[in-house]
1. Quick one: count up the residues across the stretch B:1-30 that are under 17 Å from residue A:203 (Cβ atoms) and within 11 Å of ligand 1 (Cβ to nearest atom).
2. From (1) open to solvent by 30 Å² or more (accessible area, probe 1.4 Å); (2) assigned to a helix (DSSP H, G or I); (3) within 14 Å of ligand 2 (Cβ to nearest atom), pick out the condition that doesn't hold for residue A:119.
3. Can you pull out the helices (runs of 4 or more DSSP H) entirely within the stretch B:23-114 that have at least 3 residues that are away from chain A (no Cβ under 14 Å)?
4. Find the helices (runs of 4 or more DSSP H) located wholly in the stretch A:155-207 whose residues include 1 or more that are more than 15 Å from the chain's Cα centre (by Cα), and list them.
5. Quick one: is residue A:234 within 30 Å of residue A:76 (Cβ to Cβ), within 16 Å of ligand 2 (Cβ to nearest atom) and surrounded by fewer than 24 Cβ atoms within 10 Å (Cβ to Cβ)?
6. Out of A:202, A:143, A:172, A:209, which single residue is facing chain B (nearest Cβ under 9 Å) and either over 21 Å from residue A:64 (Cα atoms) or surrounded by fewer than 19 Cβ atoms within 10 Å (Cβ to Cβ) (or both)?
7. Of all residues in the stretch B:109-122, count the ones that are of a type outside the set (Val, Ile, Thr) and under 18 Å from residue B:71 (Cβ atoms).
8. Just give me the residues in the stretch B:200-219 being in a loop (DSSP other than H, G, I, E, B) and at pLDDT 95 or above, in sequence order.
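The values are calculated or read from the model by the stated rules, or taken from the named source; none is laboratory data. Only a predicted model underlies this, so the values are computations on that prediction, with no experimental measurement involved. Every residue, glycine as well, gets a Cβ built from its backbone with ideal geometry; the counts of neighbours run over all protein chains shown. Heavy atoms of the whole protein, side chains included, go into the accessibility calculation; ligands, DNA and RNA do not. Shrake-Rupley method; radii C 1.70, N 1.55, O 1.52, S 1.80 Å.
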Amino acid sequence: MDLTLYVWRQDGPDAKGKLEQYEAKNVSPDSSFLEMMDMVNEDLINEGIDPVELDNDCREGICGTCGCVINGIPHGPQEETTTCQLHMRKFSDGDSLTIEPWRAAAFPVVKDLVVDRSALDNIIQSGGYTSAYTGELIGEANNTLISKPIADYSMDAAACIGCGACVAACPNGSAMLFTSAKVAQLAVLPQGAIEAAERVNNMTEAMLNAGFGNCTNHYECEAACPQGISVKFIAKTNREFIKALA
Amino acid sequence: MLQSSIGRKLVMATTGMCLVGFVIVHLLGNSSIFIGADGINAYAEHLHALGPIVWIFRIILLSLFGLHIFFGIQLTLENRAARPIDYNQKKNIRTSFGAETMIYTGLAILAFAVYHLFHFTMHVTNPEISASVLPLDALGRSDVFTMMVLSFQKFFISAVYAGAMVTLLLHLSHGVQSLFQTFGVLNGNTLPIMEKIARAAAIVIFVGFVSIPVSILLGLINI
Ligand code: HEM
Ligand code: SF4
């Protein structure tokens with residue numbers, strides 16, 4: 001299949017970027033989106049043009065490194081799928097694809113489709129951990145039994161791979177889904193409950209300080225999330241915030 | 001609390017909920033016009049008889065409005081700043097027109113509220129109609145009924161009120177479910193149900209308010 005790509009090209013953080021048109025010819029429907037981009041990049045290199053920079057690592061949908069906005073949807077049109085796991089059979093011969101980086105004040109463009117997501121790390125550093133001691137004297141972490149429903153709930157929240165698609169999708173550039181996934185994951189566990197109040201306050205404050213917006217319940221994050229993280233965790237985070245007030 | 005993201009959202013939700021409560025009570029009161037002059041004039045008389053309580057109530061309502069508007073504008077500005085560069089192409093999947101236009105419908109409601117007070121409370125606009133309030137009715141009460149009927153018989157006034165209620169409909173179609181999510185009382189199962197209930201409630205409120213000018217225009221309510 002043949003496709004026309006409109007790809008965001010930007011030399012550096014302060015450079016002015018623009019969409020460039022490239023043709024992707026003879027693309028196999030079985031290739032992944034990133035393999036298609038690899039082919040386009042090879043052509044560009046042969047023509048003496050800088051290849052399109054885009055973040056990617058594991059290419060199996062678990063590391064959270066890849067991601068761009070494809071035809072207006074973060075990670076492209078397939079639900080609950082990362083950019084690397086998106087296959088070209090989702091598109092048709094002759095399609096045009098507009099490919100842009102995550103857009104948010106807190107995610108400055110590094111080059112082309114690569115953005116700096118360290119703002120998410122700042123949020124995690126502000127409280128996305130537990131200070132539980134483990135070891136022989138205190139006992140194994142596994143000694144504390146946790147019921148199956150709570151473990152499942154926590155694991156669902158822990159499925160976040162930190163890709164940032166929720167921020168890219170949010171009309172307010174808010175990182176509330178990302179933040180709330182961690183707040184909720186830890187708040188329901190006995191190890192995490194101890195610091196729950198500090199955590200929700202510190203993490204949501206770090207979110208604002210990093211330049212992310214506020215949640216106004218558009219729920220675009222949930223629709224874009226490759227891991228299917230639910231906005232119920234945002235409601236949970238709001239509850240945790242109210243609890244922390246008391 | 002008032003600098004935090006969720007804290008300010010809670011203020012929006014709390015004031016929004018109180019305003020919704022006010023809107024519903026206001027609608028119930030207004031619907032006494034369907035009983036006729038006796039209904040609404042008696043209702044107005046009761047309100048006026050409350051004396052200072054009316055003023056306490058007005059001050060509370062004004063503060064709720066003020067807080068809601070202040071934080072609404074502040075949060076909207078922050079959220080715009082958090083997404084300074086637009087996409088060339090962006091497809092929204094879950095959100096609604098109502099959710100995307102909250103600040104505009106909110107400001108339209110504010111403009112309408114000011115006009116509404118000038119019209120029915122302070123009698124600044126259309127004084128020739130408001131004058132009809134003064135000739136008291138047979139029982140010596142202000143004749144709110146005649147003032148409303150004469151007002152809404154003017155198509156332009158009815159259209160302004162109906163238009164304002166469309167903005168309220170949009171505002172509440174997002175706002176009502178949003179406030180429950182902000183309070184954290186929803187989960188993955190109850191959210192979609194609440195979205196439907198909230199939209200239905202917004203429609204009921206809209207139909208309720210608009211039925212008054214429409215009934216008057218159609219001549220169903222007459223002097
Ligand atoms: C009768 C008047 C009004 C009612 C009943 C009302 C109701 C509500 C409700 C229930 C919410 C949801 C709160 C939440 O998200 O938790 C809301 C949000 C909001 N309102 Fe109002 N409101 C009114 C007037 C206004 C006015 C005058 C403005 C003017 C600026 C305004 C601007 C906003 C904004 C910006 C939001 C937040 C947007 C969002 O959460 O998506 N509202 N309102
Ligand atoms: S919540 Fe979903 S979209 Fe957001 S960072 Fe985590 S995995 Fe990505």
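1. 4
2. Only one criterion in (1) open to solvent by 30 Å² or more (accessible area, probe 1.4 Å); (2) assigned to a helix (DSSP H, G or I); (3) within 14 Å of ligand 2 (Cβ to nearest atom) is unmet by residue A:119, namely (1).
3. Output list reads B:37-49, B:52-81.
4. Per the criteria, A:176-187, A:190-193.
5. No: the conditions fail for residue A:234.
6. A:172
7. 2
8. B:218
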